[in-house]
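The values are calculated or read from the model by the stated rules, or taken from the named source; none is laboratory data. In this text, all values refer to a predicted model and were calculated from it rather than measured experimentally. Every residue, glycine among them, receives a Cβ derived from its backbone with ideal geometry; neighbour counts consider all protein chains shown. We work out accessible area using only protein heavy atoms, side chains counted, and drop any ligands, DNA or RNA first. Shrake-Rupley method; radii C 1.70, N 1.55, O 1.52, S 1.80 Å.
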Amino acid sequence: MEEQGLTQEIKPPVSTKGPGRWLKENLFNTWYNTILTCLALVFLFFAFKGFLTWAFTEAEWGVIPANFRLFMVGSYPQEQIWRVWTAIYILSVLMGLSAGLWGGLILRFVVVLSGVWFISALLPFDFELSTRGWCLGAIAMIAVSFFLGRDRTSLRSWILGGWILSFPVIMVVLRGFGENGVLTSRWGGLLLTLILAISGIVVSFPLGVFLALCRQSKLPVIRWVSTTYIEMVRGVPLITILFMGNVLIPIFMPGFDINQVLRMMLCLIFFSAAYMAENVRGGLQGVPRGQHEAAQAVGLNYVQTTLFIVLPQALRSVIPAIVGQFIALFKDTSLVSVIGLIDLLGVARSILANPKWLGLQAEVYLFVAFIYFVFCYAMSYASQDIETDLGVGKH
Amino acid sequence: MAAQENALNDPIIMCEDVHKWFDDFHVLKGITTSFQKGERAVICGPSGSGKSTFIRTLNRLEEHQRGTIIIDGVELTDDLRNINLIRQEVGMVFQQFNLFPHLTNLENITLGPIRVRKLTRTEAEEVALSLLERVDIADQAYKYPAEISGGQQQRVAIARALAMEPKIMLFDEPTSALDPEMISEVLDVMRELAHSGMTMLVVTHEMGFAREVADRVMFFDEGVVIEEAAPADFFDNPQHERTKLFISQTLQH
């Protein structure tokens with residue numbers, strides 16, 4: 001025995017589990033688990049065999065590339081497609097700059113995005129050459145702005161301002177002016193889905209926070225108004241709100257020409273804000289009273305206490321619920337097809353209505369489902385990443 | 001004691017017939033007292049006696065419903081400007097520390113000076129670092145509160161209150177939530193603060209601290225001040241039966 005002082009460091013036992021060992025311990029550890037594992041394997045084999053055979057031999061995937069432009073932008077006119085690319089480039093520049101400035105999650109995001117553009121440019125579909133050029137151009141935009149923005153910390157507030165301005169600017173770019181532009185009724189496909197989802201998320205979040213704060217207010221009138229609003233919206237199905245909005249908004253605001261896309265946007269925002277408010281309220285209630293008291297004792301006023309002490313703690317504790325609401329909103333945009341807008345799902349249905357593509361439901365809906373999944377999973381992934389970044393649960 | 005006599009006619013806190021109810025429960029039943037500049041008062045009493053509530057009325061964490069409280073010439077009323085003015089002059093240390101968990105220890109301290117006293121970040125950090133030095137935990141500045149011990153957290157909390165350069169410091173059972181071996185490190189800081197001439201009102205069960213540091217010990221029971229005296233008189237020659245009982249009970253262990 002060598003001398004063993006009290007302070008000797010003992011390392012935790014190292015677990016040396018190879019994959020074979022893991023399989024044995026978890027799947028074949030008892031006779032009944034072995035049987036269950038075998039049965040499950042047989043079941044999975046048949047289930048996937050059917051699907052894979054169909055996917056590789058019977059399925060007519062040709063419907064996807066043939067309608068790719070429809071899926072992406074709906075009936076947006078071909079000769080105006082540069083507007084969409086301009087919008088994408090504006091976002092690319094902002095993302096590239098942000099990635100250079102902040103790194104982390106957004107940097108990983110633009111790397112993946114560049115990969116997607118690169119693959120799109122090389123896809124063996126009969127895209128026009130110009131489309132491939134646009135894709136590669138987007139990568140160039142991201143790369144150049146990334147290097148421009150790198151470590152220029154002084155640019156930060158400008159970039160934030162740029163993000164805020166980007167939304168109205170992109171709307172104008174996409175719409176153009178008057179008859180020479182592109183009427184919103186021709187916006188469609190993934191483009192429309194993204195516009196509705198992003199505007200819904202970006203606007204309903206602050207609105208929801210505001211409503212939640214109002215619901216906690218000491219002033220009864222503010223509290224009642226907010227509570228009434230939240231409960232009324234939550235008591236009505238979204239589809240009803242969309243129908244009502246479509247009919248009622250023009251009646252309430254006769255002087256303005258509010259097109260259908262804008263109407264649906266407003267409906268989604270107001271609907272989502274009510275749910276957002278309840279999620280945020282959950283977080284607000286979780287902030288201990290001592291935090292308010294400590295902030296007051298230091299001399300912070302209500303606005304400062306809310307901004308610097310209460311909201312940061314409240315919001316980080318409800319990130320999963322908030323992102324859940326974002327994801328729900330993204331998928332809910334598919335309901336706008338009930339009033340005749342052709343979003344991603346609407347495009348799928350209109351393609352299937354074309355005699356040329358009759359009977360290809362499985363292929364088309366799988367593709368659409370895949371696109372929805374990619375976006376929703378990205379949001380979910382981002383939320384987990386943000387939680388880790390903020391050290392939720394640690395401090 | 002000379003300093004105290006000089007300031008004798010210059011009370012920094014004046015309370016006149018202060019009453020407070022929680023719904024129907026009468027917590028404070030007419031407290032009339034005053035505290036001099038630089039005075040160190042220890043407030044003790046059984047739980048539920050209203051001692052915590054009393055010092056919490058002094059910076060308006062609790063609202064008193066009758067009587068007047070005047071802090072450094074400003075009366076505490078519903079006027080938000082007065083409340084904010086007073087809160088800047090009155091620092092408070094809580095039983096549960098109440099540090100802001102999402103901010104580093106340094107940011108906990110600089111928040112008030114930057115947002116309320118309008119110092120620049122550099123100035124505030126300078127102040128904060130020297131205060132952390134003073135409470136002997138400068139090396140923990142960039143950690144989060146959850147990463148340091150309870151005693152260290154309470155010292156950060158004291159530094160946070162001091163960063164506002166208050167004229168008065170209120171301590172609401174500052175050592176009650178601490179493990180025994182950490183109590184002394186917090187009391188040391190408070191002792192040092194007392195010797196620097198700060199006006200201090202301390203609600204505590206630490207009778208050793210009271211005997212050593214206090215100019216005056218006040219005994220609260222059922223919402224009234226039963227007895228107040230210099231520590232020597234209070235501990236060795238208590239007048240009131242309830243005070244005697246309380247002292248014998250607390251000194252038993």
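Some notes on this structure:
- For the range A:1-140, the per residue solvent-accessible surface stands at 70 Å², with DNA, RNA and ligands left out and a 1.4 Å probe.
- Residue by residue, the range A:267-278 carries 3J(HN,Hα) couplings of 4, 4, 4, 5, 5, 5, 4, 5, 5, 4, 4, 5 Hz when phi is fed to the Karplus relation 6.51 cos²θ - 1.76 cosθ + 1.60 (θ = phi - 60°); x denotes Gly or Pro.
- Rough spin-label spacing in nm, given labels placed 7 Å along Cα→Cβ, for B:S176 and A:E128: 7.7
- Of all DSSP beta bridges in the protein assembly as shown, antiparallel share, percent nearest 5: 55
- Calculated FRET efficiency for the pair A:I119/A:A140, C-beta based, R₀ 22 Å, to 0.05: 0.90
- Overall size of chain B from C-alpha positions, given as principal axis extents largest first: 53, 44, 42 Å.
- B:E75 accessible area, 1.4 Å probe, all protein chains in place, Å² to nearest 10: 70
- Note that the range A:299-390 carries a Kirkwood radius of 16.2 Å, evaluated over its alpha carbons pair by pair.
- Helical mean residue ellipticity (222 nm; -39500 (n - 2.57) per DSSP H run of 4+; nearest 500) of chain A: -23000 deg cm²/dmol
- 222 nm mean residue ellipticity, helices alone, for chain B (DSSP H n ≥ 4; -39,500 (n - 2.57); rounded to 500): -12000 deg cm²/dmol
- Amide hydrogen neighbours beyond the local backbone of B:V224, cut-off 5 Å, H modeled: B:K29
- Residues whose amide H lies under 5 Å from that of B:Q36, counting only those 5 or more places away or on a different chain, are B:I12; hydrogens are built 1.01 Å from N in the peptide plane.
- Added length on full extension, which subtracts the Cα-Cα distance from 0.36 nm per residue, B:R117 to B:S184: 21.0 nm
- Accessible surface ranking for A:V338, B:V116, A:V280, 1.4 angstrom probe, highest first: A:V338, B:V116, A:V280.
- Working note: Karplus 6.51/-1.76/1.60 with θ = phi - 60° gives the range A:173-181 the couplings 4, 5, 7, x, 10, x, 6, 6, x Hz, where Gly and Pro are set to x.
- Taking both sides together, the accessible area buried where B meets A is about 1900 Å² for a 1.4 Å probe.
- Over all directions, the projected convex hull of the C-alpha atoms in the range A:179-270 averages 7.4 nm² in area.
- Of all accessible heavy-atom area on the range B:25-97, the percent that carbon and sulfur account for (1.4 Å): 45
- Across chain A, Cα-Cα pairs farther apart than 40 Å form 33% of the total.
- The alpha carbons of the range A:107-198 occupy a box of 41, 35, 23 Å along the principal axes, longest dimension given first.
- Along chain A, longest interval not containing exposed trypsin sites (Lys or Arg not before Pro), exposed being DSSP loop plus at most 16 other Cβ atoms within 10 Å: A:219-393
- In this structure A:L136 has an accessible area near 90 Å², from a 1.4 Å probe over the protein heavy atoms.
- Sorted largest first by accessible area at a 1.4 angstrom probe radius, with every protein chain in place, the residues B:D188, B:D139 fall in the order B:D139, B:D188.
- Label zone (A:V225, point 7 Å along Cα-to-C-beta; backbone nitrogen cut-off 18 Å) within the range A:191-206: A:206.
- Phi angles across the range A:337-348 convert, under the Karplus curve 6.51 cos²θ - 1.76 cosθ + 1.60 with θ = phi - 60°, into 3J(HN,Hα) values of 5, 5, 9, x, 6, 9, 7, 3, 5, x, 4, 4 Hz, Gly and Pro given as x.
- Ranked by solvent-accessible area (1.4 Å probe, protein heavy atoms only, all chains present), the residues A:I139, B:I86, A:I35 order from largest to smallest as A:I35, A:I139, B:I86.
- Residues of the range A:271-297 that bury at least 40 Å² of accessible area once all protein chains are present, compared with their chain alone (1.4 Å probe, heavy atoms only, ligands and nucleic acids left out), are A:Q291, A:E293, A:A294, A:Q296, A:A297.
- Using a Gaussian network model of chain A in which every pair of alpha carbons under 10 angstrom is joined by a spring, one finds that among A:G324, A:G188, A:G50 the greatest mean-square fluctuation is at A:G50.
- The Cβ shell under 11 Å around B:E173 holds other residues with a net charge of -1, Lys and Arg each +1, Asp and Glu each -1.
- Interchain or long-range residues, amide H under 5 Å from B:E62's placed H: B:T57
- Shown is the FRET efficiency for B:D78 and B:E222, computed with R0 = 22 Å from the Cβ-Cβ distance and rounded to the nearest 0.05: 0.20.
- Nonpolar atom fraction for chain A, defined as the carbon and sulfur part of the 1.4 Å probe accessible area, stands at 70 percent.
- Sites A:D257 and B:D23 - FRET efficiency at Förster radius 51 Å, r taken between beta-carbons, to 0.05: 0.35
- Note on chain A: GNM, Cα springs under 10 Å; of A:A143, A:A295, A:A382, the largest mean-square fluctuation is that of A:A295.
- Rounded to the nearest 10 square angstrom, A:T30 shows an accessible area of 40 square angstrom against a 1.4 Å probe.
- Working from label points 7 Å from Cα in the Cα-to-Cβ sense, the A:F46 to A:V202 distance is 5.1 nm.
- Put a dot 7 Å past the Cα of A:F56, heading toward its Cβ, do the same for A:Q8, and the two dots end up 5.8 nm apart.
- Shielded residues, the range A:346-395 - accessible-area loss of 20 Å² or more between chain alone and all protein chains, probe 1.4 Å: A:H395
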